[in-house]
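Engineer: Please find one structure pasted underneath; my questions will follow.
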Amino acid sequence: DGRVYLFGGHGGIGYQRTAFNDLWFFDIASGGWNKLKYANNPCEARGGHSIFIIGTKIYIYGGWNLETQFSDIAVYNIETGEWFDPDIYNDMPRWNFSACMVEAIPSWKYFIFGGEQGDFPEGGPRRFGTFVNSSSVLDIDSMSWMNIKTEDDEEENGPFLPQEREYSSMIYD
């Protein structure tokens with residue numbers, strides 16, 4: 001509908017690391033930003049996550065804040081203004097990864113690569129995670145995650161994969 005959506009992130013003054021859970025859209029036609037209102041409590045504030053949209057629902061995956069690392073998917077319904085938890089989790093919390101949606105048959109796929117992983121105690125201090133070069137894919141029809149294994153994973157010399165990294169980008173062509 002000619003909108004670009006923005007959710008969460010970290011910000012603040014100086015070295016402050018405030019995590020946000022606000023949702024905005026930029027209306028291309030009017031050239032202005034608009035903050036969306038919530039009918040219920042939003043998902044937890046986070047940065048280092050990804051976002052995608054299907055129909056009138058915005059999906060938030062992964063990320064971290066100063067207290068928690070996330071492996072969940074949270075969903076916002078644009079029409080009702082409501083957040084809900086579809087109880088979909090990946091194996092391990094992941095943040096600062098790259099992601100891209102791919103139109104595939106019979107259903108769309110959401111690929112993620114790399115980033116940081118870790119599972120730290122609830123409420124404990126957030127530490128750096130471990131850089132990873134693993135990949136997962138979310139099947140949109142079944143809403144289930146699958147870890148990707150390549151033919152190289154089975155080779156005698158080990159996998160031929162990109163080096164572990166975070167903050168990378170990827171695109172489907």
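Engineer: Do the conditions hold for GLY8, that is, is it in contact with a Lys or Arg (Cβ under 8 Å, 6 or more places away or on another chain), closer than 28 Å to GLY114 by Cβ and surrounded by 10 or more Cβ atoms within 10 Å (Cβ to Cβ)?
Structural biologist: yes
Engineer: Also, I was wondering about something else. Can you confirm whether the range 117-130 contains a residue that is surrounded by 15 or more Cβ atoms within 10 Å (Cβ to Cβ), modelled with pLDDT of 95 or more and in contact with a Phe, Trp or Tyr (Cβ under 8 Å, 6 or more places away or on another chain)?
Structural biologist: no
Engineer: Would you mind telling me which numbered condition in (1) under 22 Å from ILE112 (Cβ atoms); (2) open to solvent by 20 Å² or more (accessible area, probe 1.4 Å); (3) touching a residue at least 12 places away in the same chain (Cβ under 8 Å); (4) out of contact with any strand residue (DSSP E or B) (no Cβ under 9 Å at 6 or more places or on another chain) THR80 fails?
Structural biologist: (1)
Engineer: Taking the range 4-60 as the search range and keeping residues that are of a type in the set (Val, Ile, Thr) and in a strand (DSSP E or B), which one is nearest to GLU82 (Cα to Cα)?
Structural biologist: This residue is ILE58.
Engineer: Still on this structure, please answer the following. I'd like to verify a number: residues in the range 91-111 that are within 12 Å of ASP139 (Cα to Cα) and not β-branched (Val, Ile, Thr), how many?
Structural biologist: Qualifying residue count for the region: 9.
Engineer: Still on this structure, I have one more. Exactly one of (1) open to solvent by less than 40 Å² (accessible area, probe 1.4 Å); (2) closer than 19 Å to ASP139 by Cβ; (3) β-branched (Val, Ile, Thr) is unmet by THR68. Its number?
Structural biologist: Answer for THR68: the failing condition is (2).
Matching residues to (1) of a type outside the set (Phe, Trp, Tyr); (2) over 19 Å from the mean Cα position of the chain (by Cα); (3) on the phi > 0 side of the Ramachandran plot; (4) modelled with pLDDT under 95:
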{"position": "LEU6", "(1), (2), (3), (4)": "yes, no, no, no"}
{"position": "ASP22", "(1), (2), (3), (4)": "yes, no, no, no"}
{"position": "TRP33", "(1), (2), (3), (4)": "no, yes, no, no"}
{"position": "PRO42", "(1), (2), (3), (4)": "yes, no, no, no"}
{"position": "ILE60", "(1), (2), (3), (4)": "yes, no, no, no"}
{"position": "LEU66", "(1), (2), (3), (4)": "yes, no, no, yes"}
{"position": "GLN69", "(1), (2), (3), (4)": "yes, no, no, yes"}
{"position": "GLU79", "(1), (2), (3), (4)": "yes, yes, no, no"}
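Engineer: Separate question: Of the residues in the range 83-116, how many are of a type in the set (A, V, I, L, M, F, W, C), open to solvent by less than 10 Å² (accessible area, probe 1.4 Å) and within 15 Å of TRP145 (Cα to Cα)?
Structural biologist: Pass one, the range 83-116, residues of a type in the set (A, V, I, L, M, F, W, C): 83-84, 88, 92, 95, 97, 99-102, 104-105, 108, 111-113.
When the remaining residues are screened for being open to solvent by less than 10 Å² (accessible area, probe 1.4 Å), the result is 95, 112.
Those left that are additionally within 15 Å of TRP145 (Cα to Cα): 112.
Counting residues in the range 83-116 that are of a type in the set (A, V, I, L, M, F, W, C), open to solvent by less than 10 Å² (accessible area, probe 1.4 Å) and within 15 Å of TRP145 (Cα to Cα) gives 1.
Engineer: Of the residues that make up the range 137-149, is at least one of a type in the set (A, V, I, L, M, F, W, C), open to solvent by 70 Å² or more (accessible area, probe 1.4 Å), assigned to a loop (DSSP other than H, G, I, E, B) and at pLDDT below 95? Talk me through it step by step, then tell me what you get.
Structural biologist: Initially, the range 137-149 is screened for residues of a type in the set (A, V, I, L, M, F, W, C), giving 137-138, 140, 143, 145-146, 148.
If we keep only those that are open to solvent by 70 Å² or more (accessible area, probe 1.4 Å) too, we end up with 146.
From the residues that got through so far, the ones that are assigned to a loop (DSSP other than H, G, I, E, B) too are none.
Checking the range 137-149: not a single residue is of a type in the set (A, V, I, L, M, F, W, C), open to solvent by 70 Å² or more (accessible area, probe 1.4 Å), assigned to a loop (DSSP other than H, G, I, E, B) and at pLDDT below 95.
The values are calculated or read from the model by the stated rules, or taken from the named source; none is laboratory data. All values derive from a computational prediction rather than experimental measurement. FYI the Cβ positions are ideal-geometry reconstructions off the backbone, even for glycines, and counts take in every protein chain you see. Please note that ligands, DNA and RNA were not included when accessible areas were found on the heavy atoms of the full protein model with its side chains. Shrake-Rupley method; radii C 1.70, N 1.55, O 1.52, S 1.80 Å.
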